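K.L.:
There's a structure below that I have some questions on.
No value in this document is a laboratory result; all are computed from the given coordinates. As the structure is a prediction and not an experimental result, all values here were calculated from the model. So basically every Cβ, Gly included, is an ideal-geometry build from the backbone, and we count neighbours across all protein chains shown.
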Amino acid sequence: MKLKELIALYRAQSLDTDDQKPFCDDALLTQYANEAQDEACRRGQLLVRSSGELCTVAYEAGAEMVAISSRIVQIKRAFAGTMPVGMMDVERMDAMHPGWQFEGHQGQPTVLVTGLATDTLYFWPKPSEAGTLRLTVQHLPVKPMRSTSCDKDSPEIRPELHPALVDWMLYRAYSRDDTDLYNDAKARLALGRFEAEFGRKASGRNEQWMRQGGGMMPGPIA
C-alpha cells in the first residue's frame, strides 16, 4: 500500500473525512504512519538485511572503533573482511580480558565490543590492515515516508502487514484529548489490534540489553 492508501483507510475507518478541517491532517497522519512502521519493526523484528550502506562499514588500520547507523536495532552477525567476528558487551569483555581497550598490539579483529558508546563498535584487537565490516542487521525503516510524495512512498515492511499500520494511526488519533475525535475505548481497541499483529512493546532498557548482547545478566531486565 502507498502512504496515500494508508491515509485513505484511516479516514474511512475513523470517519475523519472533512476535507476543509480534518481532525488529523495528512502531515500528522504521515507522522503517525512512520511511527507505526517503527513500532512494528521494534516489536516484530521485521526488517533484516545483509547488504547496502547500512551493512558495510569501512575502517582504517589501527582504528579503535567504528560508528554504525542509529537505525540498526541489533547486529545478528558480523565479518571483518571475510572472517567472522564475535559480538560482546563491555562488561563481559572487561571480565574476560581486563585492560583489553588499552592493548597496543594489532591483528585480525575477532571481537566487536558494544556498550562503550552509543551506536559504536570497538575492535579487539585493533585491525592491522584497513578493511570493511560486513553486517547482518535487524533495523528500523531506512527512509521515512513523506506526505509530499504520498502517492509514491510505501512502508518497507512486507505488504500483507501494511493495513495493520492503520491501527496505530487510529490509536494515536483517538488518543488526542484536545479534539472531538478523542475516544479512550476506541484507542485501546485499535492498540489491541496493532499488538495482536506485531506484539507488545518491550521497554527501551530491554532493547538496549538485547542490542549489547545481554551483558553478564541471566535474562532481560524489566
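K.L.:
So for each of 33-41, 50-58 I average, over its residues, the number of other beta carbons within 10 Å; can you give me the resulting order with the highest mean first?
P.N.:
33-41, 50-58
K.L.:
Hey, another quick one. Full-extension gain between Asp19 and Glu197, please, as 0.36 nm times their residue separation minus the C-alpha to C-alpha distance.
P.N.:
Taking 0.36 nm per residue and subtracting the Cα distance, the gain is 61.0 nm.
K.L.:
Using only the alpha-carbon atoms of the chain as identical scatterers, what base-10 log of I(q)/I(0) does the Debye formula give at q = 0.08, 0.13, 0.18 Å⁻¹?
P.N.:
Each listed q maps to, in turn, -0.39, -0.81, -1.19.
K.L.:
Using r as the Cβ-Cβ distance of Ser50 and Ala12, and R0 as 45 Å, what FRET efficiency do you calculate, to the nearest 0.05?
P.N.:
0.75
K.L.:
What's the longest piece of the chain with no exposed trypsin sites (Lys or Arg not before Pro), counting a site as exposed if DSSP puts it in a loop and it has at most 14 other beta carbons within 10 Å?
P.N.:
1-145
K.L.:
Still on this structure: Full-extension gain between Lys2 and Ala185, please, as 0.36 nm times their residue separation minus the C-alpha to C-alpha distance.
P.N.:
Full extension of this stretch gives 63.0 nm more.
K.L.:
With a sphere of radius 11 Å drawn around the Cβ of Ala63, what net charge do the other residues whose Cβ falls strictly inside it have (Lys, Arg +1; Asp, Glu -1)?
P.N.:
-2
K.L.:
Excluding same-chain pairs closer than 8 in sequence, count the lysine pairs in the chain whose Cα atoms lie under 20 Å apart.
P.N.:
7
K.L.:
Turning to a different aspect of this structure: If I stretch the segment between Asp119 and Phe102 completely, what's the gain in nm (0.36 nm per residue apart, minus their alpha carbon distance), one decimal?
P.N.:
Result for the pair: 4.1 nm of gain on full extension.
K.L.:
In a shell of Cβ-Cβ distance under 11 Å around Ser50, excluding Ser50 itself, what net charge do Lys and Arg (+1) and Asp and Glu (-1) give?
P.N.:
+4
K.L.:
Moving to a separate point now. For region 55-70, in order, what is each residue's ³J(HN,Hα) by Karplus, 6.51 cos²θ - 1.76 cosθ + 1.60 with θ = phi - 60°, in whole Hz (x at glycine and Pro)?
P.N.:
In residue order, the calculated couplings are 10, 10, 10, 6, 9, 9, 4, x, 4, 7, 7, 9, 8, 10, 5, 5 Hz.
K.L.:
Can you give the net charge of the other residues whose Cβ lies under 12 Å from the Cβ of Gly104, counting K and R as +1 and D and E as -1?
P.N.:
With Lys, Arg at +1 and Asp, Glu at -1, the net is -1.
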